[in-house]
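The structure appears right after this line, and notes come after that.
What follows draws every value from the coordinates through simple rules; no lab data is involved. Only a predicted model underlies this, so the values are computations on that prediction, with no experimental measurement involved. Here the Cβ positions follow ideal geometry from the backbone for every residue, glycine too, while neighbour counts run over all protein chains shown.
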Amino acid sequence: MNKGTMKNHNDLIGIDIDHDSPVPLHSQVEQILRDMIKDPKYQKGKFLPKEMDMAKRWGISRNTIRQATSKLIHEDLLIRKKGVGTTVSKKAISTKLKNWFSFSQEMEDSGIEFINYSVRTKWVTATNSVSTNLQIKEGRKILKLTRLRGLKDGPFVHFISYFHPRIGLTGEEDFSRHLYDIIEKDHACVPSISKEEIQAILADKSIAKNLQIVPGDPVLLRKRIVCDPGNRPLEYNLGYYNAKKFSYTIDIKR
């Protein structure tokens with residue numbers, strides 16, 4: 001074994017896989033690789049540990065490692081060079097499009113103090129739309145969370161969230177905390193991917209009442225499907241924003 005390989009092998013010391021975790025092995029490996037991608041030493045061109053070394057270290061199959069690696073290569077986060085090794089793609093360093101947070105974390109990071117006007121949980125029957133987005137059978141009982149949030153001068157966003165039963169939420173959680181911290185730290189599910197759709201609509205009577213606006217006023221509707229590292233849905237979220245008080249911005253580097 002040459003010195004370069006030995007050094008990369010040593011990078012795995014202290015990094016372990018939990019074989020007793022409900023999180024699939026390939027998903028755990030994917031999350032470890034995503035953390036490595038953020039490491040400056042790998043962003044500067046250092047090769048990631050070899051698949052064989054990771055498989056031997058963690059007592060899992062090489063195919064499991066390959067499944068996680070291939071997914072990140074498909075996302076243009078990693079580059080695999082046959083006979084040479086795997087490195088971090090430059091695209092993974094420069095783009096900000098993959099960065100996303102819960103609303104409370106976005107507000108906290110911006111230094112904005114918001115108010116929870118209403119936080120309610122309820123067990124409901126999954127409609128056709130919800131079951132399709134969560135990939136579950138229509139009519140299954142699921143947890144629904146509604147939150148009305150805003151500033152001192154009134155609410156400006158109404159969230160409706162539906163959660164996949166596999167998470168294990170009970171409805172008794174403290175939802176004043178960051179939502180994705182609850183899902184990850186309390187229920188061992190890792191919110192990793194956010195698929196979003198944004199459109200402009202006009203407020204109906206129900207939306208107008210919640211946001212304290214007039215029916216027909218402009219509203220920004222953001223639909224979000226949050227998935228785990230294995231691309232399995234965890235949350236289907238609808239966010240109705242008062243367009244007069246809120247704008248959605250994206251930073252893109254050319």
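Here are some notes:
- The residue among Leu148, His19, Pro165 whose Cα reaches farthest toward the positive pole of the charge dipole of the chain, with charges on the beta-carbon of Lys, Arg, Asp and Glu, is His19.
- Distance between modelled label sites at Lys137 and Phe103, nm, 7 Å Cα→Cβ extension: 3.2 nm
- Of all the options Glu113, Glu51, Glu184, the one that moves most in a Gaussian network model of the chain with Cα springs shorter than 10 angstrom is Glu113.
- Charge dipole of the chain (Cα centre as origin; +1 on each Lys and Arg Cβ, -1 on each Asp and Glu Cβ, all else neutral): 980 debye, rounded to the nearest 20.
- Think of it as helices only: each DSSP H run of n ≥ 4 in the chain is worth -39500 (n - 2.57), and spread over all residues that comes to -7500 deg cm²/dmol at 222 nm.
- Net lengthening on full extension, Val84/Lys223 (0.36 nm per residue, minus Cα-Cα): 45.9 nm
- Global geometry of the chain, whether rounded, prolate or oblate, following the gyration tensor of its Cα atoms and the 1.5 cut on a/c: prolate
- Estimated inter-spin distance, Asp35 and Trp123, nm [label 7 Å along Cα→Cβ]: 3.5 nm
- Eligible aspartates and glutamates near Lys152 by straight Cα distance, threshold 14 Å, same-chain separation 8 or greater: Glu113
- Given charges at Cβ of Lys, Arg, Asp, Glu: the chain dipole, positive-most of Gln31, Gly239, Gly45: Gly45
- The residues packed around Thr146, meaning those with a beta-carbon under 9 Å from its beta-carbon, carry a net charge of +4 if Lys and Arg are +1 and Asp and Glu are -1.
- Taking only the C-alpha atoms of region 103-242, the Rg (one decimal) and the largest Cα-Cα distance, Dmax (whole number), read 15.0, 42 Å.
- Residue pairs, from the table Lys41/Lys223; Lys38/Lys81; Lys137/Lys205; Lys44/Lys71, whose Cα atoms sit over 26 Å apart: Lys41/Lys223; Lys137/Lys205
- With each label modelled as a point 7 angstrom along the Cα→C-beta vector, the Asp18-Asp204 pair spans 4.1 nm.
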